[in-house]
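Contents: one structure, followed by commentary.
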Amino acid sequence: MIETPIQIRTAVPSDAESVLVFWRESAEGTSISDDVDGVRRLLDRDPEALILAVDGDRIVGSVIAGWDGWRASLYRLAVLPSYRRRGLSKALLQASEDRFAALGGRRVDAMVLEANERAHHAWGAAGYERQDQWRRWVKPFAG
């Protein structure tokens, strides 16, 4: 059997359902936007924001690399448990950082769950530093 290399690519609208299945299996936490329409809205707004690691037809990693013209933000860095410790997070972050640099970004922020200790170690190993002086404030609203 020939083994295919893992591909890093941007998501397309037809990936939306598979992305949601992947996130349920691999990502920590959930979001109010975790539905097909939410993923497709993201891709409509910024077609290059959702970056995937794909092994054949299977999504094995993801990151949302959001750019609003001023700030670069990372969300949903996740790797399928059976694919961890193979450098996929590093490859996804590199693709994100390359994207931001090409767009003129100068700094990137990452949303990381406080309780996800494994993620804290991964982000630190990738050169990110925790900033305790900031807190996230949220207000859900009906769209």
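Okay, here's what the table says:
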| read-out | value |
| --- | --- |
| DSSP loop chymotrypsin sites (Phe, Trp or Tyr not before Pro) with at most 11 other Cβ within 10 Å: longest gap in the chain | 1-69 |
| Efficiency of FRET from Cβ geometry, E129 and R9, R₀ 30 Å, rounded to 0.05 | 0.55 |
| Long-range HN-HN contacts of R76 with modeled amide H, under 5 Å | I64 |
| Label-to-label distance, nm, for residues given as R118 and K90 (7 Å Cα→Cβ offset) | 1.9 nm |
| Gaussian network model of the chain, Cα within-10 Å springs - most flexible of S73, S89, S31 | S31 |
| For region 45-126: accessible area per residue (Å², 1.4 Å) | 57 Å² |
| Inter-probe distance in nm under a simple model that places probes 7 Å from Cα toward Cβ, at K139 and E48 | 3.4 nm |
| Karplus-derived 3J(HN,Hα), 6.51/-1.76/1.60, for each residue of region 14-27, Hz, glycine and proline x | 5, 7, 3, 5, 5, 4, 5, 4, 4, 4, 4, 8, 10, 9 |
| Residue-by-residue Karplus 3J(HN,Hα) for region 46-60, coefficients 6.51, -1.76, 1.60, Hz, glycine and proline x | 8, x, 9, 6, 9, 9, 10, 9, 10, 10, x, 9, 9, 6, 10 |
| (i) 1.24; (ii) 0.94; (iii) 1.12, with the label sought being that of the calculated Rg/Rh (Cα atoms, Kirkwood Rh) | (ii) |
| Region 15-123: GluC sites (Glu not before Pro) in DSSP loop, at most 11 other beta carbons within 10 Å | E114 |
| Area accessible to solvent at L77, 1.4 Å probe radius, in Å² | 50 Å² |
| Max mean-square fluctuation residue, GNM over the chain, Cα-Cα springs under 10 Å, options I51, I32, I64 | I32 |
| Under Karplus coefficients 6.51, -1.76 and 1.60, residue-wise ³J(HN,Hα) of region 84-89 in Hz, glycine/proline x | 6, 6, 10, x, 5, 4 |
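The values are calculated or read from the model by the stated rules, or taken from the named source; none is laboratory data. All figures in this text were calculated on a predicted structure; none of them were measured in a lab. Here Cβ is always computed from backbone atoms with ideal geometry, including for glycine, and neighbour counts include all displayed protein chains. Just the protein is used for accessible areas: all its heavy atoms, side chains included, with ligands, DNA and RNA removed. Shrake-Rupley method; radii C 1.70, N 1.55, O 1.52, S 1.80 Å.
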